[in-house]
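Asker: This is the structure I have questions about; it appears just below.
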Amino acid sequence: MTTINYQGNEDDPLINQISVEGCVVCLIKYGYGSAAGGGKISKSMAMAMSIRSWLMVSAVAILLEVIGLSLFVFAFFPIRPTLSGLSGPESFHPPCEHQNHTLYQELPPSYDRLILMVIDALPAQFLLGRDNQPPPKIFKDAMPFTHSLLANQMALAYHAKAAPPTVTLPRLKAITTGSIGGFLDVLFNFNTQALLDDNIIAQFFRIGWKMVMLGDETWLKLFPGLFTRHDGVTSFFVKDTVQVDHNVSRHLTYELYKNDWNLLILHYLGLDHIGHLGGRNSVMMEPKLQEMDEIIKLIHSSAIQSRESDHRRTLLVVVSDHGMQENGNHGGSSYEETDSLALFVGPGISHVSATYDTINQVDLTPTLALLFGVPIPKNNAGYLIADLFHPVEDHQLLRAMELNSWQLLRLLQAQATDSTCGSLEDSSSSLYFDAAALHASWKSKNVLKSASNEDFKRTVLAYNEFLRTASDQLSRRATDKPIGLLASGVTAMLLSCVMFLGLLLKLGQELYPNVQTHKFQLSEALVGGIMVIIVLCMGSSSLVEEEQYLWHFTTSTFFLVLLCKTIKSTTRNLGRQLYLVAVIIISGRILKGWHQGGVNWTHLPDISKSLEILGNPYIKLLHIISMLLVIGLCLYTLSSLWSRGNIIILIGLSYLCNGLLVLQYVIKHHGNGAGTIGNDAIVAVRLIYGLIITSVTLVVIASPWLMSFQSQDLVLVIKDSLYLSGTTYMFGWCLLQLLLQQPVNAMVISLLLVQIISTICYASRGGSDVKQWVEVAAIYYLGMAGHFSLGNTNTLATIDVARAFTGISSHSTVVSGVIMFVITYASPMLGLLSLVMSIAMKENNTTPNIHEINMGQLLKMILGFPCLVPLGLNSLLLVAYTIILLVMRNHLFIWTVFSPKYIYFF
């Protein structure tokens, strides 16, 4: 690494952009806030109004963007329209007829009790295999009893396709209401509210069922006051893989021998937590599957076999809310994430097919409602699983299908603004009338004993056709989006973007009047070209999924252009400049190959996969090397200020102390399963948190005062305090990342730091050849490329939930949420924090002389380019993607590809 060569001699006539705290302290010290400095204050009064106006415009632009974004989000992602109230007697007669049918007389319950066992994040592939292939042997051997039930035709199993987002809250809503919730349910997953829509739990409660819930406390939040007994556990403390399930199983034997309940809900979270910690192939996965198999065996022997003799028919339904990716995360729409399980075990249930069919997860709701003789929830979009009704008589199966058809027809009618019972002309309604006619004909023939099996089959097929069509139509139907709100939101964001870019242009002309803004060099034109390329590519679903390739390509192209420009230049530091650009390009190439991100190419080999194959010793070695590199860079950049006194040496020692503590933690605890880390590790992490936050805060606050004691030159003091604050921000952030990120990503953090420092050094000695807005944009682009180098994608599945509990001994939504933000946005935030150091090091000969600068100019230079450039770039991307999202609102992948990316913006 080349010498940073930061110099700020007291004869330097130039001034750079300044931090707010530096301005205030230094101006007070040098008389700007005293009576003696009254003349200086008067001199700046002429600019006071323009400063106030500029700040006002900036505040209005930010407010407009927030308002516009909020309007658009709540208009584009509305809560799906639902029918209020609970289904009652009206559900037992056709729409627009008012005959009173009693369901319990015509369709008696098939079972007396229900045990609903939810194994969180269990992929159906673990039990049923995939593409007609058996499951992997390790998973099959881990659940011998469950496989014996299937082999002996004593159970019925399905791949239950879950709709995205594949997180717990919307999936539980889908299972209990039969409806596909709004996409923003993923945001409410951390703050569950009571479910007000019609649901099967409320229907059971309405007929007097006694219900018991053990497990995920999400059930208690969704259905408060409905459970006779309950023992809830938090679902977000993913380090707990043992106790979280023990809290469920410890009550199980007692509850199985109790006769005072009708519904028992068991929600096991341990398998999901293991997935987050170690992925599908974690060493803890097989023992957890064995544990679940033993629980299924216990329930079968205690509640199903033993109850058959006393005529208490119990149905066991084993489901998973969603699946998981290879790395154990979920939230997106890949097959691995949407492949959930539905397993039915009970008297009269058998499986005769050699393959396992696929159903929709919402089909569980009408199936359970009809099996237990309660009304189907009003907003259900699923249709019954006919195989479960084979033990019933023909007229009962047709009656069940008829009831399901009436419910779906009512929902279609309610969602069609101009439909009435007599004017349903669409294809789905015609299919219903065909099925109803066949049913009526079959009933007439059945009374005369002349109905044939072919008549029955034709009626079943007709009902199935309608049910499937209506269910698909309801599942795909886009909610009505208020165009007025959408247009208002887009307009507000567009106006905000124009204001940001206008302020940026005006500040450039005012602060740097000698720079010709109408003449652009190739590197400057490329900055705008990159934005154009990114915006245009956002309209392609495939390029949104694989956005990392765009950022890597455009960023490397930009620095290759800089390399060519440097080779042709006649600068006195040609060798140094070439070396810096080469370091940036080489580091970028390594970062590009670190993760094969996105969706379609994750199976390809990359550096991180190779390291994981080599094992923990190699990953740990790279982690230690990364730590040493970061510590070395920290002390090296700080060495430019050694001449400012012993206080800089003390600050350097504090940096070294923090770095060594993180290094000690890495050496001692790296390689331990995240779920096995003990209290000593938690205490160590909390100590590191406290020391890093305290040291950064103290240095940033105290740096203006500390530097003012070392020099009488205002410019030098401001630049030194900025340089010290910027260094503190960057390395404090990097130490946090080395502590929080996956160990395999440690080298990514250090290489990002190398890239950013090299960019700052290159631009700092580039004079007017590298304009400040170009430098800021380059750092912004590096931050975006680095975001994907850390393994992030535009799907929610790559959010690292497990690492968000580093240093936490119990669940805290706020603390874990903050840590999750720090981990997810590590690279973009590092780029933004580095701008402070960039401001201090930039030498620009177009900057006015110190004697010509007043308070107004200083504040504009502070809040001008360093803040407005990233704000403008981000605002431009946000507005462009908002318009694209609006245009693509009816696209097939609107909820699976485009919307998850927008959540990251939001």
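The values are calculated or read from the model by the stated rules, or taken from the named source; none is laboratory data. Nothing here was measured: the structure is a model prediction, and the numbers come from that model. With ideal geometry, Cβ positions are generated from the backbone for all residues, glycine too; neighbour counts draw on all protein chains shown.
Asker: At least 3 residues that are in contact with a helix residue (DSSP H, G or I) (Cβ under 8 Å, 6 or more places away or on another chain) and surrounded by fewer than 22 Cβ atoms within 10 Å (Cβ to Cβ) in each: list the helices (runs of 4 or more DSSP H) lying fully within the stretch 226-306 that qualify.
Answerer: Once the helices (runs of 4 or more DSSP H) in the stretch 226-306 are filtered for at least 3 residues that are in contact with a helix residue (DSSP H, G or I) (Cβ under 8 Å, 6 or more places away or on another chain) and surrounded by fewer than 22 Cβ atoms within 10 Å (Cβ to Cβ), what remains is 252-256, 285-299.
Asker: Based on what the data block shows, is residue 221 touching a Phe, Trp or Tyr at 6+ places or on another chain (Cβ under 6 Å), at negative phi and either hydrophobic (A, V, I, L, M, F, W, C) or surrounded by fewer than 24 Cβ atoms within 10 Å (Cβ to Cβ) (or both)?
Answerer: Here the answer is no, as residue 221 does not meet what is asked.
Asker: All but one of (1) closer than 28 Å to residue 872 by Cβ; (2) of a type outside the set (A, V, I, L, M, F, W, C); (3) touching a Pro at 6+ places or on another chain (Cβ under 9 Å) hold for residue 588, so report the exception by its number.
Answerer: (3)
Asker: Let me ask something else about it. Which condition number in (1) touching a Ser or Thr at 6+ places or on another chain (Cβ under 8 Å); (2) at pLDDT below 85; (3) among the hydrophobic types (A, V, I, L, M, F, W, C) is the one that residue 416 fails?
Answerer: (1)
Asker: Would you call residue 142 more than 20 Å from residue 166 (Cα to Cα) and small (Gly, Ala, Ser)?
Answerer: yes
Asker: Count, please, the residues in the stretch 816-833 that happen to be surrounded by fewer than 15 Cβ atoms within 10 Å (Cβ to Cβ) and either more than 15 Å from the chain's Cα centre (by Cα) or of a type in the set (Asp, Glu) (or both).
Answerer: Here the count works out to 0.
Asker: Of the conditions (1) in contact with a helix residue (DSSP H, G or I) (Cβ under 9 Å, 6 or more places away or on another chain); (2) touching a residue at least 60 places away in the same chain (Cβ under 8 Å), residue 686 fails just one. Which one is it?
Answerer: The one condition residue 686 does not meet is (1).
Yes/no matrix, rows are residues, columns are (1) closer than 29 Å to residue 325 by Cβ; (2) buried (at least 24 other Cβ atoms within 10 Å of the Cβ):
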| position | (1), (2) |
| --- | --- |
| 733 | yes, no |
| 755 | yes, yes |
| 762 | no, yes |
| 790 | yes, yes |
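Asker: Another question, then. Keeping to the stretch 623-647, report how many residues are surrounded by 18 or more Cβ atoms within 10 Å (Cβ to Cβ) and without any contact (Cβ under 8 Å) to a residue 60 or more places away in the chain.
Answerer: The number of residues fulfilling the criteria is 1.
Asker: Restricting to helices (runs of 4 or more DSSP H) lying wholly in the stretch 141-188: which have 3 or more residues that are modelled with pLDDT of 85 or more?
Answerer: 144-151, 168-177
Asker: Residues being touching a helix residue (DSSP H, G or I) at 6+ places or on another chain (Cβ under 7 Å) and either over 15 Å from residue 316 (Cβ atoms) or not assigned by TED's automatic domain parsing to the domain that holds residue 124 (or both): count how many of those fall in the stretch 138-152.
Answerer: Counting residues in the stretch 138-152 that are touching a helix residue (DSSP H, G or I) at 6+ places or on another chain (Cβ under 7 Å) and either over 15 Å from residue 316 (Cβ atoms) or not assigned by TED's automatic domain parsing to the domain that holds residue 124 (or both) gives 6.
Asker: From the set of residues in the stretch 804-815 that are more than 25 Å from residue 897 (Cα to Cα) and not polar (S, T, N, Q), which is surrounded by the fewest Cβ atoms within 10 Å (Cβ to Cβ)?
Answerer: 814
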